[in-house]
Each structure stands twice: as C-alpha cells, then as structure tokens.
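Scroll down for the structure; my scribbles are underneath it.
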Amino acid sequence: MTLKIDLPAPPGAFPTRRPRRLRGREPLRRMIRETTLDVADFVYPAFVCHGRGIRAEIPSMPGVCHLSIDALAEEAAAVAGDGIPAMLLFGLPASKDDVGSEAFDDDGIVQQAIRAIKTAAPGLIVIADLCLCEYTSHGHCGVIRNGGVDNDETLPVLARTALSQVRAGADVVAPSDMMDGRVGAIRQALDAHGHAETPIMAYSAKYASAFYGPFREAADSAPQFGDRRGYQMDPANAREAMEEIALDLAEGADIVMVKPALLYLDVIRQARDRFTQPIAAYNVSGEYSMIKAAAANGWLNERQAALEALTAIKRAGADIIISYFARDVARWLREG
Ligand code: PBG
C-alpha cells in the first residue's frame, strides 16, 4: 500500500493562485483594471487653412480634414462638447518663403484661427504647434544657412512666432522643431513680454520617424531636400531622449513630449520613471493611418485596435495623449 501524502501547493502557485478567477466577468475585470482612458486625457489635433466653408478630408488620414476657420470654429465647439480639454493647431499658410514668415504674422492663419476658437469655444485650451516647416519653402523646421538648418539663427524666429501665437490667444505653445535651446529662447521671450504664465509643451524626444508621412501630406511640410535627421532624434536612442527631456525641463518646459508614441512606449516609461513633470505622447499620423487602413480592409476592428493602442500609451506612463482618434474615443466612451 502506498502512502498518499497531500503536499500543500507551494505558496503563490497553481492551484492556489488562479489569475483567471478575476477575469471571468466584466464587472470584476472593471474592478481590477489598472488603466482607463478618459476624454480628459486627450488633445485633438487640427489643420487649419485659408478660405471659407472648407472641410476637405486628407486622403491618407480618413476622418481628418483641412478646415477653414469657420469650419474649425464649429469643430472646436464640438470638441469642447465632447469634453476634450484641448486642441493642437497646425496651419497651412497662403504662401511660403525661406524664413516661414506667415508663422509669425499676427494675421497668419494660425493666429486668426486661435482668435476664432477663443470666440467659438472659450473654455477650450488652444495649443499652438510651434514650427516653421509648414511655412518655409524648403520645408525644414528652421532657417537654412550654408545648405543646413542653422540652430541659433532659428531661435529668434521661433521666439517671435511663440509671442505672436500667445498674443493671438494661444493658451500653450508647443515647439516641435527640435532646435537646441529653443525652449529657453521661447521662455525668455514670453517672460519679457508679460506672458510668464503661458506654459510650454515641448516636443522633447521627437524622433526622425517614417510615421509622420501622412501628416506631411496633410500639412504640406515634407522637406524639399535632405531629411530631418540632422535635428530630430535617431529612433535607435533612448538614453539620449532622457537627456533631451532633462534639457527642456531645465530650460523651462512645463510639459514634455515623446513622439511618436506607439513605437516608443519604452521611452515614455523611462521618462515617467525618471521625471515628475507631465508627459505627453503623440499618437502620430502614421500610427493613426495604419489602424484606419487595416480597419478599412476589414483586417482590424477599428474601435478595439484604437482603444488598445491608446490604453497602451497611457499604461506606459503618458498623462496626455495627442491623437486623431480623440473625438472617436469621446464617442466610444459615451457609447460604453
Ligand atoms: C512639425 C510636426 C510634424 C508632426 C508634428 N509637428 C512633422 C515633422 O516633424 O515632420 C508630425 C505629426 C504627425 O505625424 O501626426 N515639425
């Protein structure tokens, strides 16, 4: 006869521990959910153009439109109605030149758009993207000198643009150019002209990414020669992102950004663990268009794929998510 001995299971192991116990029903899953999306997490980007009555869908970004100011004002009111706290504005100028003059024109497209939004949706936070690439004839994010983008010559142009945007009513400026020292230059200019209270959301760790493709079509901002690798970051580097973020914070950035988001979740996580300041993540055009294209082909469920991707960005540590899906998320969360 064999003696049967019931050994206790080692603590913490099967069958004592059965993680599936908490997965059986949605109310239980909801109770233990670690990350939930909220409309208040989102910023909705928009592209504003000259003209009237324009709402022209961008072919590579289904659901995203070029909006003239009247249409943008309507859109802003709807965005505020959705409960989304902020919009991020990109402008398409009437004409381009080598320094990007319309960027700092007090009557430029973005300045006019900011004033219109402030009337249509006074409670909405207006974030002005601050870059020259949509406004320069060469499509680079700064002033060209000797065939390259000159860092220090670009700084005063950016500072002047920031001031013009804030004077038009922008609540936040968001430099996306990746020049060294631009946050400090912008901070100094704003402070010197009575705008010490205006926050800067810096595109701090902005990578030279292939995933901006659809945006460059939307904003007509592709570089006319070369590429942006001389100023945007090498996708291979994460430690360098920490350095960029630390520098921007030292220069006075209030919110720091990692961009793109989905391919750089490790960078978001490292930044979250290292810094206390708010972190924004930009779910860029290519990340949006991939899901849209797959969904249009019936290869992915759009709502599930988008919500999973956005939840992953928040789980990685982002406080603020800039996404073309923001209005869809508002609807999905309403529908439940
Ligand atoms: C401007 C800018 C870009 C994006 C935001 N601001 C494009 C670029 O750097 O070429 C990309 C946004 C997106 O892809 O959704 N410098």
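The values are calculated or read from the model by the stated rules, or taken from the named source; none is laboratory data. Computed from a prediction, not measured in an experiment: that's the story for all the values here. Note that we place each Cβ from the backbone using ideal geometry, even for glycine, and neighbour counts take in every protein chain shown.
Cβ-Cβ contacts under 8 Å between residues 6 or more apart (or on different chains), taken from a first residue in segment 224-241 that is more than 12 Å from A208 (Cα to Cα) to a second residue that is among the polar types (S, T, N, Q) and outside any loop (DSSP other than H, G, I, E, B), are listed as A238/Q270; A241/S204; A241/Q270. All conditions but one from (1) closer than 30 Å to D191 by Cα; (2) charged (D, E, K, R); (3) within 15 Å of the ligand (Cβ to nearest atom) apply to K292; the one that does not is (1).
So, of the residues in segment 223-259 that are of a type in the set (D, E) and surrounded by 15 or more Cβ atoms within 10 Å (Cβ to Cβ), which turns out to be nearest to the chain's Cα centre (by Cα)? If we take residues in segment 223-259 being of a type in the set (D, E) and surrounded by 15 or more Cβ atoms within 10 Å (Cβ to Cβ), then D254 is nearest to the chain's Cα centre (by Cα).
When you check D70 against the structure, is it surrounded by fewer than 16 Cβ atoms within 10 Å (Cβ to Cβ), charged (D, E, K, R) and either at pLDDT 95 or above or farther than 23 Å from I200 by Cβ (or both), yes or no? So D70 fits the description; yes. The single condition among (1) within 12 Å of the ligand (Cβ to nearest atom); (2) of a type outside the set (D, E); (3) not in a loop (DSSP other than H, G, I, E, B) that P223 does not meet is (3). Just a yes or no: is a residue in segment 89-107 touching a residue at least 60 places away in the same chain (Cβ under 8 Å), away from the ligand (no atom under 16 Å from the Cβ), under 26 Å from A189 (Cα atoms) and out of contact with any His (no Cβ under 7 Å at 6 or more places or on another chain)? Scanning segment 89-107 turns up at least one residue that is touching a residue at least 60 places away in the same chain (Cβ under 8 Å), away from the ligand (no atom under 16 Å from the Cβ), under 26 Å from A189 (Cα atoms) and out of contact with any His (no Cβ under 7 Å at 6 or more places or on another chain). Contact annotation: residue pairs with Cβ atoms under 7 Å, 6 or more positions apart or on different chains, pairing a residue in segment 184-205 that is touching a residue at least 24 places away in the same chain (Cβ under 8 Å) with a partner that is part of a loop (DSSP other than H, G, I, E, B) and among the small types (G, A, S), are G184/G252; R187/G252; L190/A196; I200/G252; I200/A253; A202/A253; Y203/S176; S204/A253. Based on what the data block shows, is D254 touching a strand residue (DSSP E or B) at 6+ places or on another chain (Cβ under 6 Å), away from the ligand (no atom under 16 Å from the Cβ) and not aromatic (F, W, Y)? Spelling it out, D254 is indeed touching a strand residue (DSSP E or B) at 6+ places or on another chain (Cβ under 6 Å), away from the ligand (no atom under 16 Å from the Cβ) and not aromatic (F, W, Y). A single entry from L130, L155 fulfils the requirement of being modelled with pLDDT of 95 or more and touching a strand residue (DSSP E or B) at 6+ places or on another chain (Cβ under 9 Å): L130. Cβ separations smaller than 8 Å between residues 6+ apart or across chains give the following pairs from segment 9-33 residues that are more than 29 Å from G336 (Cα to Cα) to residues that are among the hydroxyl-bearing types (S, T, Y) and at pLDDT below 95: A9/T16. Applying the set (1) within 11 Å of the ligand (Cβ to nearest atom); (2) under 17 Å from the mean Cα position of the chain (by Cα); (3) not hydroxyl-bearing (S, T, Y) to M201 leaves exactly one unmet item: (1).
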